[in-house]
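The values are calculated or read from the model by the stated rules, or taken from the named source; none is laboratory data. Keep in mind the model is a prediction, meaning the values are calculated, not measured. Cβ placement follows ideal geometry from the backbone for every residue including glycine, while neighbour counts extend to all protein chains displayed. Accessible surface is based on the protein model in full, side chains and every heavy atom, while ligands, DNA and RNA are left aside. Shrake-Rupley method; radii C 1.70, N 1.55, O 1.52, S 1.80 Å.
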Amino acid sequence: MLVSWDWLKQYLELNISEEEVCERLTLAGLNFDGAESVGSDRQLDLEVTSNRPDWLGHIGIAREIGVLFDLPLNIPQAAVAGNDAEKKTPVQIEIKDEEFCPRYIARVIRGAKIGPSPEWLAKRLETLGINVINNVVDVTNYVMMEIGQPLHAFDLSRLRGETITIRRATKGEKFNAIDHRTYDLLTDDYVIADAEGAVALAGVMGGADTEVQEDTTDLLIEAAEFAALPVRTTSRQLKLKSDSSYRFERGVDPEMIDWASRRCCELILQTAGGQLVGERAFAGHEAAPREPITLRLSQLPRILGIEIPLEEVRRILTQLGNLEHASDDAGITVIPPTWRRDLTREIDLVEEVARIHGYDKIPEHAGVAIAASHTSDLDRVRDRVRHGLCGMGFDETLTRSVVSATWSGQFQGWTEVLPLTASTAMVKGEDRLRVSLLPSLLGARRNNEKFNYGQIELYEIAKVYLPRQQKLPDERYMIGLTSGADFYGLKGVVETLIQSLCPDEVIQAIPYNCDMFAPGQGCLLKLDSKTLGFLGTVSDSVSKRFDLPLGSTVAELDLGVLQAAAVLVPQHQEFSTQPAMTRDLNLIVDEEITWQQLSSAAKSIGTELLEDVTFREIFRDPQRDGPGKKRILLSITLRSADRTLTGEEADSLRDQMVSACEEATGAKLLA
């Protein structure tokens, strides 16, 4: 925000040095970025944060200086009177969507004479780097830079009909802007229209067909409030930025719209002459009253560590525009001003008092009570996952939440519903909120392969957005992995990760077929009957789409399911110093029997002496074992906590396992 030093003096008696003012503003949160001389004036460059649109006008800056230095603020009255002979303004206003345009004010001036602006007005605009055009347009810019409220002046004679309509653009509608370029509008854009079509792009820019020209005599002055999001969407979609859109995107003061309209008319009548016709034309509704906020004085020493007297608190809050509602020795209740939408809670008032009173007045040794922070279960699980995957050689990657339609359709294991589409793409061609991390990870893998990196083991912990009917999307944290190892290598990584979080849980792997996975090399993972995720080898067709000549395996796990089952309290487990005994089993089973079924059957004997069941290999010999058969070689580890096992005990437990496997899967022990 560029500010004129001489202009500020219109509202304050500034007998303070520029350096002192800028230093105090910086300490109060309005950073000073530099200054330079423009003619006899000084141009100040102040950094305005997005939550303070009231600082986008000189009156807002002057108010801040007035509070910091306890100076009275002088705001012009903006008094205008219409022609008594014509009470009714010769235009009507119609708002089709009051959520977009809550209020719209129009005033008409007849008999104005377009010409150059007076020197004082032109110099102030030139100090801010604003081009001087003519007395009417310059006044609209002047008032915008004075109060932060954008305005627009139409040539009334070029408006068709007697009704101004605020509506959505129609499909295929075109708009000729004052930059003399024609824009193709979408139905999400809003326009100001007369009887024949759009004459302004609401909140962004006026139209060339009704702009003020040298022969203009009759004016319609527009002042309105427009919703921030649609203005921002239109501005970005059309790549059309303006001082007006910048302010509407941050919000304007609903109570000062009429003041800005009157102030604009007052200055036009002074600089261009003419006569204000009738009363204002108003459409919409008045702003809802603000809710009161109570500041307890006891909160100041608790949060800031210092005592601040009630009278100083009252002075700060009232000079900032808050209306005192009630007060006593315990605190003060105020109603925030309409230009401060960021004031909604008690802590907001504490911050206001602190920054105006001066952060530099809070000593370093202030006794502020500090409570120990608490790490959420989600953060603890994420930290454990990161630590585990890092230990297994994986690197973390960060990818965008919005992907292209092509990527979005590569894997939809979590939902069959079409993904949500953003109206404005973050990157050209990327406008779908992703429903899986896997396409993004494969894209990251491709980028790494192009640089000939040898080992590419990547993971990401991020949200996916699953659409829901008539509701906000289901946002879920997922763990995505991509590896250069084979199916069993990545399966081992997943099992190790889950074992570290949920030591008593058993993963169930169910065959799963989709385009992402190679035939017979994909599975659905379940944990305690809940869908945990997916694991598989990337199919050749998908590898070609992502330009991955080396192939890959991928996995995606629901972090919420892991969090629900995770054991986060450190567990102590006794370990045995007794020697272990192992037995190898070579079992013949049907082809459809999975390792999961076999290992579960082996563990079902329920003995405390069984320490582990380990898969070794699979062997197929149709000539000796018959078609549809396979051999699975596994090892069992047995150990007692307090004694050495005998060979007879080990053989007995082995026989029990063989019987359990035979009963559950039909397995036969190969002698």
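Treating cross-link reach as a plain straight distance, find the lysines whose alpha-carbon is under 23 Å from the alpha-carbon of Lys9, omitting any fewer than eight places away in the same chain. Reachable lysines: Lys123. Going 7 Å from the Cα of Ala422 toward and past its Cβ, which residues in the stretch 178-210 have a backbone nitrogen under 11 Å from where you end up? No residue passes the distance filter. Extent along the principal axes, Cα only, for the stretch 505-634: 54, 51, 27 Å, with the longest axis given first. Rg/Rh for the stretch 451-535 (Cα atoms only, Rh after Kirkwood) is 1.00. Among 541-550, 125-134, sorting by the average number of other beta carbon atoms lying within 10 angstrom of each residue, highest first, gives 125-134, 541-550. Across q = 0.16, 0.19 Å⁻¹, the stretch 333-436 modelled as identical point scatterers on its alpha-carbon atoms has Debye log10 I(q)/I(0) values of -0.92, -0.99, in the order of the q list.
For the stretch 476-516, taking Cα atoms only, Rg and Dmax work out to 11.8, 33 Å respectively. Of the cross-linked pairs Lys450/Lys526; Lys530/Lys629; Lys96/Lys239; Lys526/Lys630; Lys428/Lys450; Lys526/Lys603, those separated by over 27 Å at the C-alpha level are Lys450/Lys526; Lys530/Lys629. Here the Debye sum runs over all C-alpha atoms of the chain as equal scatterers in vacuum, and log10 of I(q)/I(0) at q = 0.06 Å⁻¹ comes out as -0.57.
Counting DSSP beta bridges in the chain, what percent are antiparallel, to the nearest 5? The partial results should precede the final answer.
Values: 108 of 115 bridges.
So the antiparallel bridges amount to about 95 percent of the total.
Relative to the compact globular guide of 2.2 N^0.38 Å, what is the alpha carbon radius of gyration of the stretch 155-293, as a ratio?
Details: Rg = 15.8 Å, N = 139, 2.2 N^0.38 = 14.3 Å.
My calculation over the Cα atoms of the stretch 155-293 gives 1.10.
Look at where the Cα atoms of the stretch 181-250 and of the stretch 435-450 average out, and the two centres are 41 Å apart. Between Asp348 and Asp655, the simple spin-label model (points 7 angstrom out along Cα→Cβ) gives 8.0 nm.
Give the Rg/Rh ratio for the stretch 609-671, taking Rg as the radius of gyration of the Cα atoms and Rh as the Kirkwood radius, to two decimals. Can you show the working numbers first?
Values: Rg = 14.1 Å, Rh = 13.4 Å.
Rg divided by Rh gives 1.05.
Eigen-decomposition of the gyration tensor built on the alpha-carbon atoms of the stretch 491-535 gives equivalent ellipsoid semi-axes of 21, 11, 7 angstrom, largest listed first. Largest first and in whole Å, the equivalent-ellipsoid semi-axes of the stretch 260-414 read 46, 35, 15, each the square root of five times a Cα gyration tensor eigenvalue.
Rounded to the nearest whole Å³, what is the per residue volume of the convex hull around the Cα atoms of the stretch 127-206? Mind dumping the intermediate values first?
On the way: hull volume 9.2 nm³, N = 80.
Output value, Cα hull per residue: 115 Å³.
Enumerate the residues in the stretch 645-671 having an amide nitrogen under 16 Å from the point lying 7 Å beyond the Cα of Ser604 toward its Cβ. Zone members listed by number: 655-669.
Please quote Rg/Rh for the stretch 1-97 to two decimal places, taking the Kirkwood radius as Rh and restricting both calculations to Cα atoms. Intermediate results must be reported in sequence, preceding the final value.
On the way: Rg = 18.1 Å, Rh = 15.7 Å.
My calculation puts Rg/Rh at 1.15.
Here the Karplus curve 6.51 cos²θ - 1.76 cosθ + 1.60, taken at θ = phi - 60°, turns the phi angles of the stretch 198-210 into couplings of 5, 10, 7, 8, 3, x, 10, 7, x, x, 6, 5, 10 Hz, with x standing for Gly and Pro. Sorting 234-246, 502-514, 260-272 by average packing, meaning the other beta carbons within 10 Å per residue, from highest down gives 260-272, 234-246, 502-514.
Give, in whole angstrom and from largest to smallest, the semi-axes √(5λ) of the equivalent ellipsoid of the stretch 394-475, with λ running over the eigenvalues of the Cα gyration tensor.
Working: eigenvalues 127, 37, 21 Å².
Computed over the stretch 394-475, the values are 25, 14, 10 Å.
Solvent-accessible surface of the stretch 120-249, taken per residue with a 1.4 Å probe and all protein chains present: 40 Å².
The translational diffusion coefficient of the stretch 230-322, from Stokes-Einstein at 37 °C and 0.692 mPa s with a Kirkwood hydrodynamic radius over alpha carbon pairs, comes to 180 µm²/s. Distance between the C-alpha centers of the stretch 135-179 and the stretch 505-540? Whole Å please. Cα centres, the stretch 135-179 to the stretch 505-540: 59 Å.
From the helices alone, meaning DSSP H stretches of at least four residues, give me the mean residue ellipticity at 222 nm for the chain, per-run term -39500 (n - 2.57), in deg cm²/dmol to the nearest 500.
So the calculated ellipticity at 222 nm is -8500 deg cm²/dmol.
Here the gap between Gln623 and Ala372, fully extended at 0.36 nm per residue and compared with their Cα-Cα distance, gives a gain of 83.4 nm.
Treating only the Cβ of Lys, Arg, Asp and Glu as charged (+1, +1, -1, -1), what charge dipole size does the chain show about its Cα centre? Round to the nearest 20 debye.
Working: 72 positive and 103 negative charges, 303 e Å.
Approximately 1460 debye in magnitude.
Take each peptide in 300-309, 190-199, count the other Cβ atoms within 10 Å of every residue, and average; sorted highest first, the result is 190-199, 300-309. Summarising the label geometry, the points placed 7 Å from Cα in the beta-carbon direction at Tyr359 and Val506 lie 5.8 nm from one another. Remark: C-alpha extents of the stretch 210-283 on the principal axes read 38, 30, 20 Å, sorted largest to smallest. Inter-label distance, Arg468 to Asn74: 5.9 nm, where each label sits 7 Å from its Cα along the C-beta direction.
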